[in-house]
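Down below is the structure, laid out as structure tokens.
The values are calculated or read from the model by the stated rules, or taken from the named source; none is laboratory data. All values derive from a computational prediction rather than experimental measurement. FYI the Cβ positions are ideal-geometry reconstructions off the backbone, even for glycines, and counts take in every protein chain you see. With ligands, DNA and RNA removed, areas are computed over all heavy atoms of the protein, side chains included. Shrake-Rupley method; radii C 1.70, N 1.55, O 1.52, S 1.80 Å.
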Amino acid sequence: ASCVKMKARGDLKEYKVVGRKLPTDALPIPPIYQMRIFAPDRVVAVSRFWYFAKLLKKIKKTNSEILECTQVYEKKPTVVKNFGVWLRYDSRSGTHNMYREY
């Protein structure tokens, strides 16, 4: 059995990833897209940016570029913040609601 490490334990960092399509003759100034990505490191953050950009804006990695990928640090790391995540999913036995607080 393989050991699967859960990524939601608190080792996720926030990254600001900015990218755009490469300029062409038809589109000399392409729009710039920015995303907040939560990932364990920079490589995964850029990979998730390409995944969501392909889904949302039809941008492919082959004809695009990353303009910026920076880690966003907390402004007040000594202040406690709580985050809650609600999700709903369907299983074979029915629909389930779930709530997790971090």
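I'd like the full set of residues that are farther than 30 Å from residue 102 by Cβ, exposed (fewer than 14 other Cβ atoms within 10 Å of the Cβ) and not β-branched (Val, Ile, Thr), limited to segment 20-47.
So in segment 20-47, the residues farther than 30 Å from residue 102 by Cβ come out as 20-32.
Pick out the ones that are also exposed (fewer than 14 other Cβ atoms within 10 Å of the Cβ) and you get 22-29, 31-32.
Once the filter is applied, which keeps residues that are farther than 30 Å from residue 102 by Cβ, exposed (fewer than 14 other Cβ atoms within 10 Å of the Cβ) and not β-branched (Val, Ile, Thr), segment 20-47 yields 22, 23, 25, 26, 27, 28, 31.
Condition first: open to solvent by 80 Å² or more (accessible area, probe 1.4 Å) and either part of a strand (DSSP E or B) or among the basic types (Lys, Arg) (or both). Now tell me which residues in segment 89-102 satisfy that. Lay out the reasoning, then the answer.
Of all residues in segment 89-102, those open to solvent by 80 Å² or more (accessible area, probe 1.4 Å) come to 89-90, 92-93, 97-102.
If the condition is that a residue be open to solvent by 80 Å² or more (accessible area, probe 1.4 Å) and either part of a strand (DSSP E or B) or among the basic types (Lys, Arg) (or both), then 89, 90, 92, 97, 98, 99, 100, 101 are the ones that fit.
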### Message
Restricting to segment 48-88, give me the number of residues that are open to solvent by 100 Å² or more (accessible area, probe 1.4 Å) and assigned to a strand (DSSP E or B).
### Response
2
### Query
Considering only segment 48-72, how many residues are over 11 Å from residue 15 (Cβ atoms) and either among the charged types (D, E, K, R) or without any contact (Cβ under 8 Å) to a residue 40 or more places away in the chain (or both)?
13
